[in-house]
Amino acid sequence: MLGAKEIRESFKSFFASKGHQIVPSAPMVVKDDPTLMFTNAGMNQFKDIFLGQAAAKYPRVADSQKCLRVSGKHNDLEEVGHDTYHHTMFEMLGNWSFGDYFKQEAIDWAWEYLTEVLKLDKDRLYATVFEGSPAEGLSRDDEAAAIWAKYLPEERIINGNKHDNFWEMGDTGPCGPCSEIHIDLRPDSERALVDGLSLVNESHPQVIEIWNLVFMQFNRKADGSLESLPARHIDTGMGFERLCMAVQGKTSNYDTDVFQPIIKEIAALCDKTYGQDEKVDIAMRVIADHIRTIAFSITDGQLPSNAKAGYVIRRILRRAVRYGYTFLDRRQAFLYRLLPALIDSMGSAYPELQAQQTLVERVIKEEEEAFLRTLETGIKLLDKVMAAQKAAGKTLVDGKDIFTLYDTYGFPLDLTELILRENNMEADIEGFNAEMQQQKERARNAAAIETGDWVILKDAEQSFVGYDFLECEAEIIRYRKVAQKGKSFYQIALDRTPFYAEMGGQVGDMGYLEADGKKITVRDVKKENNLSVHIVDTMPEDPAATFKAVVNAPRRAKISANHTATHLLHEALREVLGTHVEQKGSYVNDALLRFDFSHFQKLSEEEIRLVEHKVNAKIRACIDLDEHRNMPIAEARALGAMALFGEKYGDEVRVVRYGESVELCGGTHISNTGRIGAFRIQNESSIAAGIRRIEAITAEVVEDYTDALKDTLADIKSMFNNTGNVAEAIRKMMEENKQLKKQVDTFMA
């Protein structure tokens with residue numbers, strides 16, 4: 001029987017033999033894409049190719065992609081653990097064609113891999129094809145059906161509706177019919193009684209979809225109409241965990257060697273037995289699933305927090321803790337102890353787990369302990385609410401009170417319901433849902449954004465010239481109108497742009513576009529699907545004109561100085577604290593810089609002073625920038641270039657070097673460290689377990705900061721008659737105050 005590792009490698013080997021380039025998984029946590037928090041499908045990293053905003057480096061690729069589905073269209077969270085095949089984090093095996101092969105090869109190779117390489121029973125396989133949509137003028141996918149007829153009898157080629165067999169990237173964008181492959185894993189005795197044909201797409205746990213072949217040939221416009229794509233693509237996705245279940249002859253994904261080592265470790269830690277109690281089993285499955293999501297998110301750079309993607313990860317972690325607390329009697333942190341089992345299972349395919357084991361364990365342990373304290377607090381608050389209701393002769397606890405527990409204190413609803421039932425009380429679920437709906441409406445209204453179709457003026461790719469020039473001639477290649485919060489603005493893409501788009505922690509440039517003596521302010525630049533999008537409040541009178549695109553040079557210079565300072569800071573921290581220090585995040589604008597890094601204790605005043613001195617010494621050394629824009633990544637790593645976990649790098653990278661500081665970086669930098677002027681750390685703090693944050697300033701901001709300190713010191717000196725030793729004068733005053741307080745206390749007694 002093939003194990004999970006062998007199955008994963010067999011897929012890659014098979015498609016490599018068919019001329020596909022095997023590419024690494026993109027990070028599960030998505031950065032620099034406002035439309036997506038997590039990679040939820042294998043095609044995400046190729047979105048810009050499908051949208052026509054980037055050229056494909058290879059016509060055929062394949063990979064195994066880490067994915068996460070917990071919200072929106074793909075919301076599997078509440079089903080996880082309760083059924084046998086839904087997960088939060090999962091791997092998606094996929095092969096893609098960018099304008100190369102189409103339906104014939106996609107279907108032929110899928111069948112060959114499943115039946116000849118993996119030896120799956122042909123008699124247990126079904127295929128679905130799009131039945132068509134007369135309302136949209138789309139006919140049945142007879143082409144796909146004819147190809148399937150080579151392998152399957154007609155009765156096992158099933159027509160599917162638009163919901164199941166027409167794939168769309170979103171409300172707008174590339175789309176097309178798809179063909180799903182389903183497998184019937186039921187025992188022969190059940191198959192003899194009920195034909196699997198009637199169970200396809202009916203949510204039967206053992207008659208499941210394993211592979212979806214998408215034939216991308218249309219583009220959905222904002223008005224809902226369809227147009228043909230200039231090039232047709234193939235996008236396939238196969239759930240790795242489900243495939244392992246089919247190959248290994250199991251009836252649950254959790255019974256495969258993907259999950260069993262983790263489940264056995266949970267059972268050992270909790271002194272429970274898997275397979276004897278349904279509630280215990282569900283809890284173990286939930287935890288086995290969630291620990292993968294949590295660990296991979298942290299290794300990809302996303303820490304649990306109270307906002308956006310971080311909130312999703314915290315919610316998943318707390319769900320795992322809650323199941324352990326409620327059903328496995330765990331009152332102490334234990335999830336972090338599952339990391340060794342996870343690394344044994346997946347570490348060879350994803351070495352980042354091993355590389356960051358210590359950090360992941362510390363973050364999870366601290367989060368667990370914090371939430372266990374929250375549970376204790378929540379139970380005490382709920383006890384007070386129940387006591388008040390009982391005193392009033394009521395058994396129904398108001399939905400607002402339950403929602404406050406949930407929203408303010410993070411106390412889970414189902415745990416509230418369980419405790420109330422144990423006390424012969426009832427939760428006002430209707431009232432809770434009403435409060436939840438109001439909150440969702442508020443959030444939806446705040447975030448609602450409407451985008452029009454792109455108006456294409458010129459079919460051209462975009463080039464960035466901002467490393468070398470702060471102004472250039474440019475033409476608008478596309479634009480669209482956007483409405484949000486009752487206001488409208490425009491997004492513009494230029495054929496050439498000197499504007500840096502917000503990315504990698506560095507804010508976007510500002511400036512203006514000028515034509516015929518009229519200027520339009522560019523107030524921000526964002527990266528969207530590999531396209532630099534310039535934000536303007538109004539469109540020019542003649543969008544087809546040639547514009548002078550001009551970056552705000554003084555602002556860019558300050559941003560670049562602060563970005564270079566983060567590199568010098570990173571190197572100094574590694575020199576002072578040790579090589580375990582790694583960047584975990586950053587933010588750079590024209591006024592300040594923030595730098596997040598791995599370290600497990602507060603920096604002493606002496607360490608902070610030493611780091612400052614080292615950075616300022618490098619500034620005074622006036623080290624020139626040594627930049628390599630297209631260095632092979634292997635050569636860059638050999639040079640010692642620092643790469644960030646969770647970042648996606650191509651075969652060629654940009655290397656930024658200042659002396660001993662060597663990093664892979666796409667941001668803007670200054671030509672010489674002397675232009676930073678000065679560096680000062682303002683604050684050092686903890687933002688998560690094992691993660692510290694430094695906030696710092698440079699150049700004239702340091703002068704302003706120093707002047708303010710001098711003014712404050714002068715004011716204090718004047719209060720003490722300009723004494724030479726202010727600190728001693730303050731200590732003396734505090735001691736006198738202490739003695740006077742004692743005298744007052746004695747007098748009052």
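The values are calculated or read from the model by the stated rules, or taken from the named source; none is laboratory data. Computed from a prediction, not measured in an experiment: that's the story for all the values here. Methodologically, a virtual Cβ is constructed for each residue, glycine included, from the backbone with ideal geometry; neighbour enumeration extends over all protein chains shown.
Can you pull out the residues in segment 300-337 that are among the small types (Gly, Ala, Ser), free of Cβ contacts under 8 Å to residues at least 24 places away in the same chain and in a loop (DSSP other than H, G, I, E, B)? Matches in segment 300-337: Ala307 only. Just one of (1) in contact (Cβ under 8 Å) with a residue 12 or more places away in the chain; (2) under 15 Å from Thr451 (Cα atoms) fails for Ser488. It is (1). Looking across segment 161-187, the residues that are modelled with pLDDT under 95 and of a type in the set (Asp, Glu) come down to Asp164, Glu168, Asp171. The criterion of at least 3 residues that are out of contact with any helix residue (DSSP H, G or I) (no Cβ under 6 Å at 6 or more places or on another chain) is met, among strands (runs of 3 or more DSSP E) falling completely within segment 648-724, by 652-658, 679-688, 691-698. Listed here are the strands (runs of 3 or more DSSP E) enclosed by segment 436-507 that have at least 3 residues being crowded, with 16+ Cβ neighbours inside 10 Å: 471-484, 487-494. Being assigned to a loop (DSSP other than H, G, I, E, B), touching a residue at least 12 places away in the same chain (Cβ under 8 Å) and under 21 Å from the mean Cα position of the chain (by Cα): is that true of Ala349 here? Considered against the rule, which asks whether it is assigned to a loop (DSSP other than H, G, I, E, B), touching a residue at least 12 places away in the same chain (Cβ under 8 Å) and under 21 Å from the mean Cα position of the chain (by Cα), Ala349 comes out as yes. What are the residues in segment 207-224 that are surrounded by fewer than 20 Cβ atoms within 10 Å (Cβ to Cβ) and modelled with pLDDT of 90 or more, if any? Glu209, Gln217 - these are the residues of segment 207-224 that are surrounded by fewer than 20 Cβ atoms within 10 Å (Cβ to Cβ) and modelled with pLDDT of 90 or more.
Determine which member of the set Thr256, Thr299 is within 15 Å of the chain's Cα centre (by Cα), buried (at least 17 other Cβ atoms within 10 Å of the Cβ) and hydroxyl-bearing (Ser, Thr, Tyr). Can you show your working first?
Values: Thr256 fails: within 15 Å of the chain's Cα centre (by Cα).
Checking each option against the conditions leaves just Thr299.
A single member of Gln104, Gln45 is touching a residue at least 40 places away in the same chain (Cβ under 8 Å) and either under 22 Å from Arg8 (Cβ atoms) or outside the structural domain of Asn212 (by TED's automatic domain parsing) (or both), and it is Gln45.
The set of residues in segment 462-480 being under 27 Å from the mean Cα position of the chain (by Cα) and more than 15 Å from Glu528 (Cβ to Cβ) consists of Ser463 alone.
Residue under question is Asp590, and the condition is that it be over 16 Å from Glu684 (Cβ atoms), in the same structural domain as Gly674 (by TED's automatic domain parsing) and of a type in the set (Asp, Glu); does it hold? So Asp590 fits the description; yes.
Kindly indicate the residue of segment 382-412 that is basic (Lys, Arg) and assigned to a helix (DSSP H, G or I) and also farthest from Gln439 (Cα to Cα) among those meeting that condition. Spell out the reasoning first.
Going residue by residue through segment 382-412, those that are basic (Lys, Arg) are 384, 390, 394, 400.
Retained after the next criterion (residues that are assigned to a helix (DSSP H, G or I)): 384, 390, 400.
Values: Lys384: 25, Lys390: 29, Lys400: 12 Å.
It comes out as Lys390.
All of (1) modelled with pLDDT of 95 or more; (2) buried (at least 21 other Cβ atoms within 10 Å of the Cβ) hold for Glu112 with one exception: (2). Among the residues of segment 390-405, are any touching a residue at least 40 places away in the same chain (Cβ under 8 Å) and either within 16 Å of Arg318 (Cβ to Cβ) or among the polar types (S, T, N, Q) (or both)? No. Step by step: first the residues of segment 176-190, then only those that are in contact (Cβ under 8 Å) with a residue 40 or more places away in the chain and not β-branched (Val, Ile, Thr), then the one that is farthest from Leu125 (Cα to Cα). Which residue is that? Step by step, filter segment 176-190, then rank; the result is Gly176. The residue of segment 606-640 that is nearest to Glu684 (Cα to Cα), among those that are assigned to a helix (DSSP H, G or I), in contact with a strand residue (DSSP E or B) (Cβ under 8 Å, 6 or more places away or on another chain) and not hydrophobic (A, V, I, L, M, F, W, C), is Glu612. The set of residues in segment 651-663 that are surrounded by fewer than 19 Cβ atoms within 10 Å (Cβ to Cβ) and either aliphatic (A, V, I, L, M) or touching a residue at least 40 places away in the same chain (Cβ under 8 Å) (or both) comprises Asp651, Gly659, Glu660. Could you go through segment 332-345 and let me know if any residue there is β-branched (Val, Ile, Thr) and modelled with pLDDT of 95 or more. Yes, because at least one residue in segment 332-345 is β-branched (Val, Ile, Thr) and modelled with pLDDT of 95 or more. Just one of the listed residues (Tyr126, Tyr101) is among the hydroxyl-bearing types (Ser, Thr, Tyr) and more than 23 Å from Arg232 (Cα to Cα), namely Tyr126. Only a single criterion out of (1) surrounded by 14 or more Cβ atoms within 10 Å (Cβ to Cβ); (2) within 18 Å of Tyr126 (Cβ to Cβ); (3) more than 29 Å from the chain's Cα centre (by Cα); (4) at pLDDT below 95 is not satisfied by Glu202, namely (1). Within the option set Thr564, Thr538, being outside any strand (DSSP E or B), farther than 30 Å from Ile49 by Cβ and within 28 Å of the chain's Cα centre (by Cα) holds for one residue only, Thr564.
For Ile343, state whether it is without any contact (Cβ under 8 Å) to a residue 40 or more places away in the chain and closer than 17 Å to Lys264 by Cα. So Ile343 passes the test.
Pairing each residue of segment 274-294 that is closer than 14 Å to Thr88 by Cβ and hydrophobic (A, V, I, L, M, F, W, C) with any residue that is at pLDDT 95 or above and not in a helix (DSSP H, G or I), provided the two are 6+ apart or on different chains, yields C-beta distances under 7 Å for Ala288/Phe259. Across segment 120-136, the number of residues qualifying as more than 36 Å from the chain's Cα centre (by Cα) and without any contact (Cβ under 8 Å) to a residue 24 or more places away in the chain comes to 4.
Applying the set (1) modelled with pLDDT of 95 or more; (2) under 15 Å from the mean Cα position of the chain (by Cα); (3) basic (Lys, Arg); (4) surrounded by fewer than 20 Cβ atoms within 10 Å (Cβ to Cβ) to Arg292 leaves exactly one unmet item: (4).
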